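Asker: First the structure, then my questions, so here it is.
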Amino acid sequence: MPIDPDLQNILNLYRQLPPFDPSISVEEYRRNMNNVFEMIAKMSQEEVKKVEDRVIKGRNGDLRIRIYQQSPDSPVLVYYHGGGFVLCNLETHDGICRRIAKLSDATVVSVDYRLAPEHKFPSAVLDAYDALKWVADHAEEIGVDKDKIFVAGDSAGGNLATVASMIARDEGEEFVKGQILVYPVVNLSTFTPSKLEFGRRGILTEEIMAWFNRHYLNKPEEALDWRASPIYADLSNLPPALIVTAEYDPLRDEGEMFGALMRKMGSEAVTVRYNGMLHGFLNFYPIVRAGKELIAQIAGVLRTI
């Protein structure tokens, strides 16, 4: 189907910007993109009963989290923001987390994991698991149901959400009850038909993906490490997953293949494709109706468990 008209307007504005320059500094690109996402996040901020910033101890030092709590003794969603492992922060995804908490009546814990290239692979992975383990160990303290812990993330955050679940499984821990992976990055090593078809237009291009990978990985061979490309992991005995893809997203095929491989290996996975959508449409939810529908779907998962 055609690109959604709401998204087409955003794409038209995006095309008026200077083309992506691979030589751009991390600081400049991070500042430019974070400013856009933070501006959009502030367009529709839901009132949540309690919002608390905390600093917790990870194995590599202090780690910031933000807790959005609508009611105590609720399910909890540990959320990892997207941004290619290089961009974004608690503020860029503040609106998304607020709306999920408000609609689901659950608690959302947003994780400010360390970013590349200052902290290369696997720093973000270690932070993702450390934050998840902290929530499980401190469930009573923060007032959440330790038997209803979910993970979620968009793009790079979807990668971290599922990898953290895999580490928990490998550690013999069973506290993750479900995964919600929004157009996740699960394969840094190979091209798919959707990458070839959509990687030269739209918001996420081949050049930008390669730029992210160069900054995230220490060496190209790490793209084959399952913690960087979880499509190569053992996908058996994983928590059930809702995997969301977008029709015109370069990452569409790898997300849908990931779901198929999960099912083949005996794990539960439901894949939902949002037609007419581009990568990143969740961040534009104040403007794009499908973004609101996706947040409602995420909240519905949390409300019905």
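Asker: Which one is nearest to R200 (Cα to Cα), of the residues in region 231-267 that are free of Cβ contacts under 8 Å to residues at least 40 places away in the same chain and in contact with a Gly (Cβ under 9 Å, 6 or more places away or on another chain)?
Answerer: L235
Asker: Then there is this: How many residues are surrounded by 21 or more Cβ atoms within 10 Å (Cβ to Cβ) and of a type in the set (S, T, Y) when one looks only at region 47-99?
Answerer: Counting residues in region 47-99 that are surrounded by 21 or more Cβ atoms within 10 Å (Cβ to Cβ) and of a type in the set (S, T, Y) gives 4.
Asker: In this structure, is P184 farther than 23 Å from V36 by Cα, in contact (Cβ under 8 Å) with a residue 60 or more places away in the chain and under 19 Å from the mean Cα position of the chain (by Cα)? Quick ask: steps written out before the conclusion?
Answerer: Working: farther than 23 Å from V36 by Cα: no; in contact (Cβ under 8 Å) with a residue 60 or more places away in the chain: yes; under 19 Å from the mean Cα position of the chain (by Cα): yes.
Judged against the criteria, P184 is not a match.
Asker: Something else about it: Does L278 satisfy being assigned to a loop (DSSP other than H, G, I, E, B) and aliphatic (A, V, I, L, M)? Spell out how you get there, then give the answer.
Answerer: Details: assigned to a loop (DSSP other than H, G, I, E, B): yes; aliphatic (A, V, I, L, M): yes.
For L278, the condition - assigned to a loop (DSSP other than H, G, I, E, B) and aliphatic (A, V, I, L, M) - is met.
Asker: To continue, here is another question. Please state which one of A228, A296, A210 is surrounded by fewer than 18 Cβ atoms within 10 Å (Cβ to Cβ), under 17 Å from the mean Cα position of the chain (by Cα), touching a residue at least 40 places away in the same chain (Cβ under 8 Å) and under 28 Å from E38 (Cβ atoms).
Answerer: Values: A228 fails: surrounded by fewer than 18 Cβ atoms within 10 Å (Cβ to Cβ); A210 fails: under 17 Å from the mean Cα position of the chain (by Cα).
After ruling out the rest, the residue left standing is A296.
Residue-by-condition table, conditions (1) at pLDDT below 95; (2) closer than 28 Å to E173 by Cα; (3) β-branched (V, I, T); (4) not in a loop (DSSP other than H, G, I, E, B):
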{"residue": "E221", "(1), (2), (3), (4)": "no, no, no, yes"}
{"residue": "I231", "(1), (2), (3), (4)": "no, yes, yes, yes"}
{"residue": "I243", "(1), (2), (3), (4)": "no, yes, yes, yes"}
{"residue": "P250", "(1), (2), (3), (4)": "no, no, no, no"}
{"residue": "E256", "(1), (2), (3), (4)": "no, yes, no, yes"}
{"residue": "A260", "(1), (2), (3), (4)": "no, yes, no, yes"}
{"residue": "T271", "(1), (2), (3), (4)": "no, yes, yes, yes"}
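Asker: Separate question: Name the one entry in V244, V272 that is of a type in the set (V, I, T) and within 15 Å of the chain's Cα centre (by Cα).
Answerer: Working: V272 fails: within 15 Å of the chain's Cα centre (by Cα).
None of the other options fit; the residue is V244.
Asker: Restricting the first residue to region 48-62 and requiring it to be over 26 Å from F121 (Cβ atoms) and of a type outside the set (A, V, I, L, M, F, W, C), which pairs with a second residue that is at pLDDT 95 or above and in a strand (DSSP E or B) meet a Cβ separation below 6 Å and a spacing of at least six or different chains?
Answerer: K50/Q69; E52/I67; D53/R66
Asker: Every residue in region 1-37 that is more than 27 Å from E247 (Cβ to Cβ) and part of a helix (DSSP H, G or I), please.
Answerer: Hits for region 1-37 are V26, E27, E28, R30, R31, N35.
Asker: A follow-up question, please. For region 130-148, give me each residue that is crowded, with 23+ Cβ neighbours inside 10 Å and out of contact with any Ser or Thr (no Cβ under 7 Å at 6 or more places or on another chain). Show your work before the answer.
Answerer: Of all residues in region 130-148, those crowded, with 23+ Cβ neighbours inside 10 Å come to 131-132, 135, 144.
Within region 130-148, A131, L132, V135 meet the criteria.
The values are calculated or read from the model by the stated rules, or taken from the named source; none is laboratory data. Since this is a predicted model, take the numbers as computed values, not measurements. Note that each Cβ is placed from the backbone with ideal geometry, even for glycine, and that neighbours are counted across all protein chains shown.
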